[in-house]
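Trainee: Encoded as structure tokens, here's the structure I'll be asking about.
The values are calculated or read from the model by the stated rules, or taken from the named source; none is laboratory data. Keep in mind that this is a model prediction, so the values were computed, not measured. Cβ atoms come from the backbone with ideal geometry, glycine included; neighbour counts cover every protein chain shown. Keep in mind that these areas ignore ligands, DNA and RNA; they rest on the heavy atoms of the full protein, side chains included. Shrake-Rupley method; radii C 1.70, N 1.55, O 1.52, S 1.80 Å.
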Amino acid sequence: MTAGFGVRGSGFGVLVLVLSVPVPSVLGPARTAFAQGRFTNARTETRSGAPGLEPVVRELAGRGGVTWIGYRAPMVAGQRNMCCYDTIADNTVSGGMCRLESGSGVSMSTGDLRDRNGTRIALEPATEFLVLARLDSGSVSRVRTFTPDCDVDAGGMPVVWLSDVKPDDSIAWLTTLVSGSPETGERRDRVGKTAMTAIALHNAAAADRALESFVAPARPEWLRSDTAFWLGSTRGEAGARLLTRMLAQDPSDKVREKVTFGLSVSSVPAALTTLIATAKDDRSTRVRSQALFWLARKAGKEALATIVGAIDNDPETEVKKKAVFALSQLPKDEGVPKLIEIARSNRNPEVRKQAMFWLGQSRDPRAVQFFEEILLKK
């Protein structure tokens, strides 16, 4: 028998629990069932994960056929929601049901999301998330993650819920999935990458150690690159320190470009300091250029000074041009006056041309006035 749960906002900050059909006896108390998430159309059973996740998964995989396993894990702090949406724009969502078997993925949001009626989707940030793995003929063929407030249709598939899974056991097992992933292909994307993301979301020190192992120079470039983003977005001070080390030690400029993105999404002040230093002094033209781009996204006085400094002082014209583009990404009251100044007086003709191009794209009245002035002089 199928159990379905839903939570609706009344418009007055009150949550209403909706039980769509009777709960099967295998689930136990309603509180336990709700702790598993808002799943419908699932053939469920529960097992204890206390003996260790790996041996329990191995036993379940031995049954053959297709089975999903799921469990809860503690999630890093912050407003974070992992569900399926038709659209997410301006912190407003249009929701949809996640399909466990056929769904292509989830949308992760980190703001205070509201529906079209202005009702807040989650009153409190989630402190846990759900890890689900698809066992197919004895091996894991897919890993998915959701927050517990997400509506998921299991498509009639068997789902075994594991209780009492220890965070360190979860991280150790997921690490084996990451390490066993191929360099390319569906298994890497559906198992390895998602397992790495799930590790990064764990609120546990073991996650930092696992992620550090993923960015060792001997690891594949895709893994080091993808891990860099999650180090910045989820791992706080420890992540920022590791990103700084990657900039200094990783042998691949391609990976180090990804590190600048990781630094840009970090909320740690030291990450911005490292990003500024990278834009000024990194040995690679590509990495300096990418750091300038992400600095523009963060804006602020420090970013503006560094971008203008690159235009004035960087020895490479390509970096100067990237810095001009970065100016165009700043708020117009900061970027447009500087673009006009550069278009007027910079000694490098390529830089002046680039500034004029982005001024033309800005559609700012000050840019129009500048072009009128130039044309009238001629």
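Trainee: Looking only at residues that are open to solvent by 50 Å² or more (accessible area, probe 1.4 Å) and either of a type in the set (A, V, I, L, M) or assigned to a helix (DSSP H, G or I) (or both) in the range 254-278, which one is nearest to residue 314 (Cα to Cα)?
Mentor: Out of the qualifying residues, it is 273.
Trainee: Still on this structure: Go through the range 110-140 and give me each residue that's within 20 Å of residue 230 (Cα to Cα), buried (at least 19 other Cβ atoms within 10 Å of the Cβ) and at pLDDT below 70.
Mentor: Selection gives nothing.
Trainee: Here's a follow-up. Scan the range 124-169 for residues that are closer than 19 Å to residue 82 by Cα and among the hydroxyl-bearing types (Ser, Thr, Tyr) and jot them down.
Mentor: The answer is 127, 145, 147.
Trainee: While we're looking at this one, here's another question. Residues in the range 151-182 that are under 24 Å from the mean Cα position of the chain (by Cα), open to solvent by less than 10 Å² (accessible area, probe 1.4 Å) and not β-branched (Val, Ile, Thr): how many?
Mentor: 2
Trainee: Consider residue 299 carefully, then state whether it is of a type in the set (A, V, I, L, M), open to solvent by 40 Å² or more (accessible area, probe 1.4 Å) and modelled with pLDDT under 95.
Mentor: no
Trainee: Right, another one. Return the residues of the range 130-165 that are within 16 Å of residue 38 (Cβ to Cβ), part of a strand (DSSP E or B) and among the aliphatic types (A, V, I, L, M); say none if nothing qualifies.
Mentor: 130, 131, 132, 152, 159
Trainee: If you scan the range 310-330, which residues turn out to be assigned to a loop (DSSP other than H, G, I, E, B), within 12 Å of residue 285 (Cβ to Cβ) and not charged (D, E, K, R)? Write out each step before concluding.
Mentor: Initially, the range 310-330 is screened for residues assigned to a loop (DSSP other than H, G, I, E, B), giving 314-316, 330.
Those still in the list that are within 12 Å of residue 285 (Cβ to Cβ) too: 314-316.
If the condition is that a residue be assigned to a loop (DSSP other than H, G, I, E, B), within 12 Å of residue 285 (Cβ to Cβ) and not charged (D, E, K, R), then 315 is the only one that fits.
Trainee: Output yes when any residue across the range 309-322 is acidic (Asp, Glu), open to solvent by less than 60 Å² (accessible area, probe 1.4 Å) and without any contact (Cβ under 8 Å) to a residue 40 or more places away in the chain, and no when none is.
Mentor: Checking the range 309-322: at least one residue is acidic (Asp, Glu), open to solvent by less than 60 Å² (accessible area, probe 1.4 Å) and without any contact (Cβ under 8 Å) to a residue 40 or more places away in the chain.
Trainee: Here's something else I'd like to know. What's the number of the only condition in (1) under 21 Å from residue 256 (Cβ atoms); (2) not in a helix (DSSP H, G or I) that residue 347 fails to meet?
Mentor: (1)
Trainee: Within the range 295-307, does at least one residue satisfy the condition of being more than 28 Å from the chain's Cα centre (by Cα), within 25 Å of residue 241 (Cα to Cα) and either in a helix (DSSP H, G or I) or among the charged types (D, E, K, R) (or both)?
Mentor: Scanning the range 295-307 turns up at least one residue that is more than 28 Å from the chain's Cα centre (by Cα), within 25 Å of residue 241 (Cα to Cα) and either in a helix (DSSP H, G or I) or among the charged types (D, E, K, R) (or both).
Trainee: Report yes if residue 225 is open to solvent by 10 Å² or more (accessible area, probe 1.4 Å), under 22 Å from residue 81 (Cβ atoms) and either under 17 Å from the mean Cα position of the chain (by Cα) or at pLDDT 95 or above (or both), otherwise no.
Mentor: For residue 225, the condition - open to solvent by 10 Å² or more (accessible area, probe 1.4 Å), under 22 Å from residue 81 (Cβ atoms) and either under 17 Å from the mean Cα position of the chain (by Cα) or at pLDDT 95 or above (or both) - is not met.
Trainee: Report whether or not residue 292 is of a type outside the set (Val, Ile, Thr) and open to solvent by less than 10 Å² (accessible area, probe 1.4 Å). Let's see the steps before the verdict.
Mentor: Values: of a type outside the set (Val, Ile, Thr): yes; open to solvent by less than 10 Å² (accessible area, probe 1.4 Å): yes.
In short, yes.
Trainee: Output the residues belonging to the range 213-230 that are of a type in the set (A, V, I, L, M, F, W, C), within 20 Å of residue 266 (Cβ to Cβ) and part of a helix (DSSP H, G or I).
Mentor: Answer for the range 213-230, where residues must be of a type in the set (A, V, I, L, M, F, W, C), within 20 Å of residue 266 (Cβ to Cβ) and part of a helix (DSSP H, G or I): 214, 223, 228, 229, 230.
Listed here are the residues, each with its yes/no results for (1) within 25 Å of residue 44 (Cβ to Cβ); (2) in contact with a Ser or Thr (Cβ under 6 Å, 6 or more places away or on another chain).
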position: 146; (1), (2): yes, no
position: 159; (1), (2): yes, yes
position: 162; (1), (2): yes, no
position: 167; (1), (2): yes, no
position: 183; (1), (2): no, no
position: 202; (1), (2): yes, no
position: 206; (1), (2): no, no
position: 211; (1), (2): no, yes
position: 220; (1), (2): no, no
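Trainee: Within the range 323-337, is even one residue of a type in the set (Ser, Thr, Tyr), open to solvent by 60 Å² or more (accessible area, probe 1.4 Å) and either out of contact with any Cys (no Cβ under 8 Å at 6 or more places or on another chain) or touching a residue at least 40 places away in the same chain (Cβ under 8 Å) (or both)?
Mentor: No, the conditions are met nowhere in the range 323-337.
Trainee: Can you tell me which residue is modelled with the lowest pLDDT among those in the range 65-92 that are of a type in the set (A, V, I, L, M), within 17 Å of the chain's Cα centre (by Cα) and open to solvent by less than 50 Å² (accessible area, probe 1.4 Å)?
Mentor: Only one residue tops the list, namely 82.
Trainee: Would you please name the residue that is surrounded by the fewest Cβ atoms within 10 Å (Cβ to Cβ), looking only at residues in the range 230-253 that are among the polar types (S, T, N, Q) and over 15 Å from the mean Cα position of the chain (by Cα)? Reasoning before the result, please.
Mentor: Initially, the range 230-253 is screened for residues among the polar types (S, T, N, Q), giving 233-234, 244, 249, 252.
Applying the additional criterion that residues be over 15 Å from the mean Cα position of the chain (by Cα) yields 244, 249, 252.
Details: 244: 19, 249: 11, 252: 14.
If we take residues in the range 230-253 being among the polar types (S, T, N, Q) and over 15 Å from the mean Cα position of the chain (by Cα), then 249 is surrounded by the fewest Cβ atoms within 10 Å (Cβ to Cβ).
Trainee: Give me the residue from the range 220-237 that is touching a helix residue (DSSP H, G or I) at 6+ places or on another chain (Cβ under 6 Å) and among the polar types (S, T, N, Q) and, out of that set, nearest to residue 176 (Cα to Cα).
Mentor: Checked the range 220-237; the qualifying residue nearest to residue 176 (Cα to Cα) is 227.
Trainee: I'm told residue 287 meets every condition in (1) open to solvent by 20 Å² or more (accessible area, probe 1.4 Å); (2) on the phi < 0 side of the Ramachandran plot except one. Can you identify the failing condition by its number?
Mentor: (1)
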